[in-house]
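Working notes for the structure below.
Just so it is clear, none of the values below were taken in a lab; they were calculated from the coordinates. Since this is a predicted model, take the numbers as computed values, not measurements. Virtual Cβ from ideal backbone geometry, glycine too; neighbours counted across all protein chains shown.
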Amino acid sequence: MILVGLICLAVFFLPTIIAFSRNHHYKWVVFAINLILGATGVGFLIALVWAVWPQKTALADVLINDPTTNSPEASQKIYRQMGQNIRAFNEGRNAASLHPPAGCEATKCCPFCGEIIKSQAIKCKHCKSTLKGPG
């Protein structure tokens with residue numbers, strides 16, 4: 001009877017056993033879900049899926065469209081893209097590529113925030129900075 005109880009306990013905590021044996025990054029979260037919600041069946045399945053999921057990836061990453069394993073290569077790719085975006089912004093390519101809305105042919109960029117404003121504006125509607133004058 002004790003052996004059957006131990007086997008049932010091992011099956012119940014299977015997600016936790018897998019997470020700890022893999023040294024999963026979220027092993028304690030998997031344990032908490034398994035302990036608290038494991039008896040519901042749904043909690044057991046969530047804990048089991050997360051235990052076999054890539055180690056440093058949360059289940060929510062799938063929802064936000066980032067199913068990476070947080071490998072060094074994936075991180076370098078993300079940071080490289082961020083660096084390119086920052087450089088492009090600093091060089092002014094982003095502001096130059098924006099097209100003003102229809103009916104606003106005469107526009108300029110605010111020297112303080114970089115947003116597109118009418119060329120006649122004396123105050124930026126975005127950052128509330130006072131400009132020198134029209135033109």
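Side notes on the structure shown:
- Volume in Å³ per residue [convex hull over Cα atoms, computed for the range 1-44]: 65
- Packing order of peptides 11-19, 41-49, highest average first: 11-19, 41-49 (average count of other Cβ atoms within 10 Å over each peptide's residues).
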